[in-house]
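The values are calculated or read from the model by the stated rules, or taken from the named source; none is laboratory data. Treat the numbers as computed from the prediction; the structure is a model and nothing was measured. Heads up, the Cβs are rebuilt from the backbone with ideal geometry, glycines too, and the neighbour counts pull from every protein chain shown.
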Amino acid sequence: MLLVAVSVGCSAKEARYPADYARYQRIDKAVEALSKAYVKKDASAFHALLLPSDRTDKMEAWAIKDFDTFQDITLDLAIERIVIDGDQIDVFVHWHGLWKREQEETEQRERGHGMLRWMGVQSILLAGYDGDIPFGISLRHKDSSAPSSVPSR
């Protein structure tokens, strides 16, 4: 009798809020797709994840500049926290990466924390950002006197 009670207590639980869980999965996949498109230097895949706006257009231009500047890009983009308010989704991330130019032997290492603002429920698109994001690394160190921060927005 005790054995039966223990096995029932350990049975798999169904998700309490399956629609919310499915949305979190879509958000996670969108962040992963953005990171993969950037690392693979796939401008069309990167563009497909963006909601058209001045801010995302600027970020896309920074990413394309990185694609042209660096031979190899490695990026680890990890989600710290997700805050959802209706259609607006703020994804707080930390990241670190390596950027290698064609002719240089050394790699450029960078890391930071930022927020990616996504919009949508079924279709998740990037609408904005805040803080330190990894896109635009090529513009950060144009000269040695420039501060190592995100290019002005």
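Once region 32-52 is narrowed to residues that are surrounded by 14 or more Cβ atoms within 10 Å (Cβ to Cβ) and either among the basic types (Lys, Arg) or modelled with pLDDT under 95 (or both), the residue that is nearest to Ser123 (Cα to Cα) is Lys36.
List, please: which pairs have Cβ atoms under 9 Å, are six or more places apart or on different chains, and start with a residue in region 121-134 that is of a type in the set (Phe, Trp, Tyr) and end with one that is modelled with pLDDT of 95 or more? Close Cβ pairs (under 9 Å, with a partner that is modelled with pLDDT of 95 or more) amount to Tyr129/Thr56; Tyr129/Met59; Tyr129/Gly114; Tyr129/Met115; Tyr129/Leu116; Tyr129/Arg117; Tyr129/Phe135. Name the single residue, out of those in region 53-73 being among the β-branched types (Val, Ile, Thr) and part of a helix (DSSP H, G or I), that is surrounded by the fewest Cβ atoms within 10 Å (Cβ to Cβ). My answer is Thr69. Report the residue count in region 74-130 for those that are assigned to a strand (DSSP E or B), farther than 20 Å from Ala22 by Cβ and not polar (S, T, N, Q). Residues flagged as assigned to a strand (DSSP E or B), farther than 20 Å from Ala22 by Cβ and not polar (S, T, N, Q) within region 74-130 amount to 27. The set of residues in region 60-74 being of a type in the set (A, V, I, L, M, F, W, C) and in contact with a strand residue (DSSP E or B) (Cβ under 6 Å, 6 or more places away or on another chain) consists of Phe70, Ile73.
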